[in-house]
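What follows is a set of notes on a single structure, which appears directly below.
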Amino acid sequence: MKQSQLPFWVLFLGFVNLFSGTGRIQGVVVDSTNKEPIPYAFVKLIGWERQAYTDFDGFFIMDKVVSGEESLLIRSIGYSEKTIYIYVPEDSTLFLTITMVPQAFKTRTEQKTPAREIFEQEITLSQYNLLRDELQGYSSGWIDDPIRSSERLPGLTILSDIFGQFYIRGTSLEQIGVIYDGIPVYNPYHLAGLLSAFNTNGLRSLRINSGALSPSAPDRTGGIIELTPRNIHEPFGSFNIQPFWWSADLGIPIVKELGLYCGYRGALISKLININFNDYTLRASIDPNTKNSISIIYYHSLDSFSESDTAKEPAISWGNNAFGIRSRHILGSKIILRLSYSYSRFKLNLVDIFDQNKNGFFDIFTDQGGGIDLTIFQSESHRIKLGLGFTDLYFNYHALDNGETSFVERHQVYIPNLYCEVRTRVNERFMIEYGARTSYFSLGDRLTFQPRIKARYFLNKNLAAKAYAGIANQYIRTLNSEEYALPMNLYFPGKDVPPLTSYDITAGIEQWLGDRYTLSAEAFYKNEQNLTDFNEESWGKGDYFITGNGSSAGVEFFAKKSGGRFNGYISYTLLDARREFNSLSYPPGFLRRHTLKLASRVWVAKWFGLCGIWYLASGTPYTPPGSSAKNSATLPYYSRFDLDLRFGFNITRLRLELYMQILNLFNKGNFSSKPLRYDEPMKGLPLFPIFGIHGEF
């Protein structure tokens with residue numbers, strides 16, 4: 001084309017556009033091998049300045065597209081680039097199902113990682129998304145434990161080598177919600193917290209919200225751990241065997257529209273120390289077409305400890321039983337409808353086996369409910385989410401004293417809730433998300449209103465500033481005492497105290513260096529009202545809680561390299577937290593003021609890979625024997641380096657990896673607990689090697 005003809009063609013195309021009708025393109029992008037949705041894929045209309053990104057469910061939308069023949073480019077890291085030719089009907093919607101073929105990783109400057117797409121499309125403040133391969137690659141001693149694998153992220157605090165539960169930004173364990181395929185699961189840990197009761201290979205992803213909660217998030221004030229199972233449209237299987245436990249997974253597509261998954265993990269040490277545990281998941285995913293999908297899941301976990309091999313019943317046991325149904329329906333061209341129902345039961349039988357009087361606690365806690373969620377796409381830049389939910393909680397708690405029931409309490413609580421969430425992309429630089437959540441607690445006749453707002457502004461195409469402000473409430477409490485914390489929670493309704501209320505402010509920046517390297521920093525402040533601790537002086541009298549306030553503030557730094565054979569993380573957290581009960585102000589026992597974490601993995605060759613994770617943190621506060629000032633002293637600093645070596649090879653479709661994982665490689669004698677009264681603190685793990693084999697096809 002001659003240079004002099006260019007203005008003519010520009011005017012001609014503009015004239016055609018002026019008098020042409022428009023339509024809408026809507027679709028879903030999926031993996032060709034397993035039909036799992038591909039989140040944050042890049043979709044561009046060739047020849048026009050029109051582009052979109054798929055959401056977490058692989059869904060995208062383009063409004064006001066000129067009708068006629070067009071070309072669509074789809075791109076996502078790890079998949080072959082694809083171009084399709086389409087015809088956009090006038091005044092109508094074209095729905096597409098686009099399949100992408102996986103390919104080996106290639107370094108291409110025009111491709112973007114999923115994390116980069118998230119950065120451009122979402123307001124990811126205080127949010128971390130880990131896909132299955134990231135969880136497996138950073139296991140370091142816990143090869144099939146997704147929650148253990150996420151400990152390296154900023155803002156998360158672990159107390160010791162032994163207990164795997166982590167605290168988030170100075171809040172307690174009861175303030176953190178765990179959601180498994182839409183089901184709230186309580187205390188999902190084996191061996192009193194050594195490892196979580198989930199299997200990594202059965203997951204699609206894990207998301208941790210350490211703050212900046214959206215209105216659609218459940219009623220929690222500390223954070224949310226959300227685990228999403230993988231869909232089954234292609235046969236696969238895996239197993240993992242090591243000296244202490246073993247696990248196996250199997251996915252079977254029955255027909256094109258139906259896939260079944262079953263996963264199991266169990267102990268191999270029960271005959272040695274009278275401890276047994278197991279967990280399993282059964283899940284069916286039904287996809288009759290691209291506009292409708294249904295999933296049904298059953299989840300079970302159980303731990304038990306017996307006094308001897310001949311004991312008829314375990315002295316201590318706890319576990320979960322959960323069931324859930326979820327469905328997604330695309331209605332027309334603008335609405336996604338989601339329906340859900342869940343039932344979750346946590347049962348704890350805790351008896352003092354070291355006391356012949358058999359003192360103990362029994363707690364049965366049931367959580368069931370359902371919800372209706374609507375996502376309305378008014379345009380590419382404007383989205384509204386509406387949700388209505390209902391929760392029915394049942395608490396059955398009683399205690400034994402000298403073998404006799406000392407007191408019993410049963411409560412049933414109804415919590416209806418409603419939320420609205422609006423996301424608007426004002427322009428290419430500025431995005432805002434705002435809304436509110438309201439819920440009603442029937443036992444205390446309490447109504448809460450929780451407004452929340454967050455925004456993102458691009459200072460340039462690689463640097464974004466983000467901020468959040470909001471209020472969160474929580475009704476469920478535990479009878480655990482911070483001073484003598486149990487690794488298993490005793491859930492109880494806070495009927496006589498106002499709901500726990502958290503006022504949060506967060507601000508941060510995120511810088512991308514190309515499409516593989518990212519730097520971020522966040523500063524946060526949280527003020528908490530109506531915190532509770534167990535009142536030991538009112539044992540059996542019904543007044544179980546003392547009420548107080550608290551606050552936490554800190555700064556987090558995070559650096560990440562993603563993609564390729566070598567990747568890694570560096571995170572640092574500076575944290576300060578206080579608690580105030582009965583006019584006494586003190587730092588909580590789970591506070592670590594400084595925490596530094598370094599993690600890296602590399603595949604030197606196809607047959608050999610290694611991963612290293614180093615933790616360095618301040619000691620936790622404790623009360624010295626004979627001291628009147630609570631938590632006035634600090635344990636020595638915490639340091640642990642874990643190394644993971646893997647040797648892999650293929651036998652046709654079977655991938656086998658022999659691994660050696662060394663926990664606490666430098667044999668640092670960390671404390672795993674604070675002194676209780678006049679006892680010495682317990683030491684953590686010494687240098688501890690683990691050998692095993694992992695297979696997958």
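Counting only alpha carbon atoms, the long axis of helix 6-19 and the longest principal axis of the chain meet at about 70°. Set against the labelled values (i) 54, 26, 22; (ii) 44, 29, 26; (iii) 67, 28, 26, semi-axes √(5λ) of the Cα gyration tensor in Å computed from this structure falls on (ii). Of the GluC sites (Glu not before Pro) in region 346-447, the ones in a loop by DSSP (not H, G, I, E or B) with at most 10 other beta carbons within 10 Å are 428. Amide H contacts of residue 67 (H built 1.01 Å from N, in plane; Pro and chain starts excluded): 21, 22, 23 sit under 5 Å, all sequence-distant by 5 or more or on other chains.
If each DSSP helix of 4+ residues adds -39,500 (n - 2.57) and the sum is divided by the residues in the chain, what number results at 222 nm, nearest 500 deg cm²/dmol?
Working: 5 runs with 36 residues, N = 697.
So the calculated ellipticity at 222 nm is -1500 deg cm²/dmol.
Per-residue Karplus couplings for region 210-227, computed as 6.51 cos²θ - 1.76 cosθ + 1.60 with θ equal to phi - 60°, are listed in order as 8, x, 6, 6, 6, x, 6, 5, x, 6, 9, 10, x, x, 10, 10, 10, 10 Hz, Gly and Pro entered as x.
Just need the relative contact order of the chain here, percent rounded to a whole number, with Cα pairs under 8 Å and 6+ apart. Don't skip to the answer; put the middle values down first.
Values: 1916 pairs, mean separation 65.9, N = 697.
Reported relative contact order: 9 percent.
Computed 3J(HN,Hα) for region 569-585, one whole-Hz value per residue from the Karplus formula 6.51 cos²θ - 1.76 cosθ + 1.60 where θ = phi - 60°, is 9, 9, 9, 9, 10, 9, 9, 10, 9, 9, 10, 9, 10, 6, 6, 10, 9, glycine and proline marked x.
Any read-out appearing in this document is the output of simple, stated calculations on the displayed coordinates, not a laboratory observation. Worth saying up front: this structure is predicted, and the values here are computed from it rather than measured. In this analysis, Cβ positions are derived from the backbone assuming ideal geometry, glycine residues included, and neighbour counts consider all displayed protein chains.
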